[in-house]
Amino acid sequence: MPSRLQIVRTAARAGTAAVETAPPSNVALYQQIKDFIAGKIQDGTWKAGDRLPSENDLVVQFGMSRMTVNRALRELVEQGRIRRIAGVGSFVADEKPQANLLQIVSLAEDIRRRGHDYQCKVITVERISASLDVATALGLDTGESVFHSVCVHLEDGVPMQLEDRYVSPRMVPTFAQQDFLKEQPTDFLIRTVLLDQMEHVVDAVLPTREQAELLQMDPTQPCLLLTRRTWARETPITIVRCLHPGMRYRLGSRFRTDGNTVAG
């Protein structure tokens with residue numbers, strides 16, 4: 001078995017990228033493998049969808065234990081850099097979609113623009129009595145009637161966002177009558193209400209077990225929670241909490257120093 005200090009090149013099996021062991025390093029052994037794979041992804045040698053060397057190949061080429069290699073691959077999966085398919089292999093993951101924090105964008109349009117399939121799974125649409133926190137957020141009296149909807153948004157069949165929304169009937173009386181399988185709630189509100197203010201707050205959270213089931217993820221993995229409130233003429237319209245699996249999604253914006261967002 002070659003030493004981990006030796007640089008080795010080997011032709012890969014059909015459909016598998018070539019392996020080159022990393023130079024010696026003082027960092028932990030599993031981190032060396034992570035850095036090597038991440039470097040190949042970063043410099044474009046391995047692109048989204050490319051198959052990585054097998055776990056056995058990495059064990060042989062790096063001269064490290066299966067446990068060490070498995071930990072490196074597992075952490076790369078948790079970071080969203082690669083994806084693993086049981087019985088098939090490991091592949092470079094698609095780049096994480098990024099939501100713009102300074103604008104309200106159509107998730108459906110964003111997914112379709114990337115050439116992927118969009119689907120909205122409606123969990124519930126109901127009219128309920130507003131709790132204290134919801135009533136306060138929407139400028140209503142506690143117990144006053146509000147619309148409540150819960151949807152899961154999917155990209156190529158994979159849940160990307162769990163949307164939990166409350167809407168003021170005073171401002172959008174027809175909200176519960178809409179078919180959100182055809183037009184998602186955000187798109188409907190943008191089309192029907194002239195929004196002039198919004199507030200975005202982002203938190204890192206762990207999902208509840210029920211939320212994790214809806215998002216088809218491990219409940220021990222972190223999520224990004226985007227809480228958005230919107231207004232029209234100083235009157236609150238909606239408060240929505242959008243939960244994203246951290247390994248599948250990121251939130252961010254690019255803007256000029258004059259405060260304007262950069263197109264695209």
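The values are calculated or read from the model by the stated rules, or taken from the named source; none is laboratory data. None of the values given here were measured: they were computed from a predicted structure. We place every Cβ from the backbone using ideal geometry, glycine too, and count neighbours over all the protein chains shown. These accessible areas exclude ligands, DNA and RNA; they are computed on the full protein's heavy atoms, side chains included. Shrake-Rupley method; radii C 1.70, N 1.55, O 1.52, S 1.80 Å.
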Filter region 204-228 for residues that are open to solvent by less than 70 Å² (accessible area, probe 1.4 Å) and either outside any loop (DSSP other than H, G, I, E, B) or touching a Ser or Thr at 6+ places or on another chain (Cβ under 8 Å) (or both) and give the result. Val205, Gln211, Ala212, Leu214, Leu215, Pro219, Cys223, Leu224, Leu225, Leu226, Thr227, Arg228
Of all residues in region 126-138, how many are touching a Pro at 6+ places or on another chain (Cβ under 9 Å) and open to solvent by less than 70 Å² (accessible area, probe 1.4 Å)? 2
By residue number, the members of region 229-246 that are of a type in the set (Gly, Ala, Ser) and either in a helix (DSSP H, G or I) or under 14 Å from the mean Cα position of the chain (by Cα) (or both) are Gly246
